[in-house]
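Peer 1: I'd like to ask you about the structure that follows.
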């Protein structure tokens, strides 16, 4: 998506101007910004819409990555990012952003709309692994599986290669039930 189609509050137009354009039907809200009403909402547009919330050396992850990859219509209330470099970082985070301080492999990161985002496959695996701590992740798993049904099988095979990972059994069970549901 070309940056000219993303309107962030205060950059080119003020919040009242953007709100008026939304009320008139010219713009629709997307993440932290607005896009023209006739523009197709793509993963790169979704990623660009939350670019200001993804600090340097991190990648959108968890529910945020699921939403970027097409899960659901509305972004999560709190965005999740993970470290995308091997060394420790201390970014200044807005209150709506949660940092998961475990490094992502470069192969698990894709660049969408100029924003590093966890790959769809790794996103499904992470959602499954986090399910034993946070039941709300199940909703994002369902939405992501609906957007990309093939991810469930890929995530199951990736889980099989992991050894001694917390949440593996619960995640595997959830993915197996999801696989039966998406057939």
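Values in this text are rule-based calculations from the coordinates and carry no lab data. Note that this is a predicted model, so its numbers are computed, not measured. Note that we place each Cβ from the backbone using ideal geometry, even for glycine, and neighbour counts take in every protein chain shown.
Peer 1: How large is the Kirkwood hydrodynamic radius of the chain, counting all unique pairs of alpha carbons, in Å?
Peer 2: Values: mean 1/r = 0.0586 Å⁻¹.
Taking the inverse mean of 1/r over all distinct Cα pairs, the chain comes out at 17.1 Å.
Peer 1: Can you list the residues of the stretch 46-73 with backbone N under 14 Å from a point 7 Å past the Cα of residue 182, pointing along Cα to Cβ?
Peer 2: Output list for this probe position: 66-67, 69-72.
Peer 1: I would also like to ask the following. Using only helices, what value at 222 nm comes out for the chain when you add -39,500 (n - 2.57) per DSSP H run of length 4 or more and divide by the total residues, to the nearest 500 deg cm²/dmol? The partial results should precede the final answer.
Peer 2: Details: 7 runs with 70 residues, N = 183.
The helix contribution divided over the chain gives -11000 deg cm²/dmol.
Peer 1: Same structure again: Suppose a student asked you for the relative contact order of the stretch 116-183, using Cα pairs under 8 Å spaced at least 6 residues apart; what percent would you report? Each step should come with its number before you reach the end.
Peer 2: On the way: 63 pairs, mean separation 28.4, N = 68.
Relative CO of the stretch 116-183 lands at 42 percent.
Peer 1: How would you rank 42, 102, going from fewest to most other Cβ atoms within 10 Å of each one's own Cβ? Intermediate results must be reported in sequence, preceding the final value.
Peer 2: Details: 42 15, 102 9.
Taking fewest neighbouring Cβ atoms as first place, the list is 102, 42.
Peer 1: Can I ask one more? Say each of residue 20 and residue 165 gets a label point 7 Å from the Cα, pointing the same way as Cα to Cβ; how far apart are those two points in nm?
Peer 2: Taking the two extended label points, one gets 5.1 nm.
Peer 1: Moving on. Just the number, please: percent antiparallel of the DSSP beta bridges in the chain, rounded to the nearest 5.
Peer 2: Details: 13 of 19 bridges.
Among the beta bridges of the chain, antiparallel pairing accounts for roughly 70 percent.
Peer 1: Bin width 10 Å, alpha-carbon pairs only: give the P(r) of the stretch 69-134 as whole percents, running from 0 to the bin holding the largest distance.
Peer 2: 17, 53, 29, 1
Peer 1: Given the peptides 89-98, 104-113, arrange them by the average over their residues of other C-beta atoms within 10 Å, most packed first. It would help to have the intermediate numbers written out before the result.
Peer 2: Details: 89-98: 11.8, 104-113: 16.1.
The peptides rank, most packed first, as 104-113, 89-98.
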